[in-house]
Amino acid sequence: MGNAVNHSDWESQRERLSAYLDGELSPAEQAELAAHLRDCEQCQRELAALRQTRALLRALPTPALPRDFSLPEQPVIAARRRAAPVWARPAQAIGTIAAMIGLAFLIATALPNLPHGMAGSATSASGGSAAYNSTLPGTASATTPASPVTATPGGEQSADAATPHATASNTIFSNEKTPTSVTAGSNTTEPAGGTYGPEHSASGAHSAPTQPFPVAPVAGFTLLFGGAAAVAAGSLARRRSRDDEPDEPDDEQESW
Amino acid sequence: MPGSDHAQGDPADPSDELDEARERAAISRSQRGDRSAFNELVARYQSAAYGLALRMLGDPDAAADVTQDAFFSAFRNIRAFRGASFRAWLLRIVSNGCYDYWRAQRRRPTESLDALLASGDEALGMQAPESELTEPAAQPDWNPEEAALRAEVIAAIEAAILKLAPDQRLVIILSDIQGMSYEEIARVAGTPLGTVKSRIARARARLRELLLAQPELFPPVQRHDVREQ
């Protein structure tokens, strides 16, 4: 390699000298350049300049730390985020069902001239929703079901099961700074079963059709938006907890 | 400095065998979620991490933020670490944080990374710098390695570092301030060894140009200093 003596490419000669200074050349290159340096004044000057520059940088004082960068021993944030998936998935699923039922109510009641069969199913559905509405404090006395509560226990159950979840997840969502989201999410499912019984008697007592209250639309809206809110809260919480998990394919980890 | 041409790039390797074993233990405990073990690593490397961020960014507040974020991110991702140099892995996270910071800054109208980059790139390799070095020195025995630097000299060096293009700044900080080997630097920068080598050389040359623009602070290098060896 006569390269070391070739100054026509000064850039790469300087590169070699710089690496030589750091002891980063191969032993053979290192020896060759050392031999060249004995005779070449230009390279001697360059090497000395490189060395002085490096010496200046090495002499810089270590900056004082502005604070200690230790991580807090109590993983507050991590605990909150890990808690999210416990209720988030059920909230999403049940919220979706609730929203679909609510949408069905709205569609059924928004069409005034229904064929006979569908009208029947619409009224039975509104009866079911009356039971649901009577549990709400404000609407209990005003509830006037058009027909006795007979049908659609399946829809009713899921509606009842769904809304507490929706409200539960809403509360969690708005109070997310408190670390109690796990217990809040699981506890609030109990009132769903508890309030289910009284509904029947309540709706049965108020069965005098004086003035038609728009039960089905109100219930539909409630279910639709409650369900949508539950889905939104659930997916938000899950996305959050996903952000917190180590994302493996980060390029900075691959080569280690 | 007679006969010391092979002066090694690394000052004392920071880890003797005992330290290395402790570090490995701390890493594997951290990988199982042990924060106090991870904080041992923080204690060990926070100075290097903050030093890199500060020299890269030139802003203590931003550097502290980047450093803190880097440690959080390192803890979250430490299970992905397996390998040779924890320091290189960590400093890579720090340097990525610095680039992210600039990217965020660029979106704001007040500061322009383009201007920053331009000031670093301009005049690179445009002139033959050796011509300036033939002038006689004012203080023949001036040796920055031994003398403590004066405050204005420190400020001038720090300002000059910040005028380098970011890629050059990164490698020169790692090699000449943190004393890392080219191989370790290549891991931090995510570039081949040859790129590290050429960037360091260009960064040193460019820094010299910048510093020689202030001859009252930086007397040009001595010729006889080299001949003696």
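The values are calculated or read from the model by the stated rules, or taken from the named source; none is laboratory data. As the structure is a computational prediction, the values presented were derived from the model and not from experiment. When we count neighbours, we look across all protein chains shown, and the Cβ atoms used for this are built from the backbone with ideal geometry, even at glycine.
Given B:Arg79, B:Arg92, which one is assigned to a helix (DSSP H, G or I) and either at pLDDT below 95 or over 30 Å from A:Leu50 (Cβ atoms) (or both)?
B:Arg79
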Being at the interface with another protein chain (Cβ under 9 Å from one of its Cβ atoms) and in a loop (DSSP other than H, G, I, E, B) is the filter; apply it to the range A:35-63 and report the residue that is farthest from the chain's Cα centre (by Cα). A:Ala59
Does A:Glu32 meet the test of being part of a helix (DSSP H, G or I), of a type in the set (Asp, Glu) and more than 9 Å from every other protein chain (Cβ to nearest Cβ)? yes
Across the range B:35-82, which residue is farthest from the other protein chains (Cβ to nearest Cβ) among those that are more than 17 Å from the chain's Cα centre (by Cα) and basic (Lys, Arg)? B:Arg44
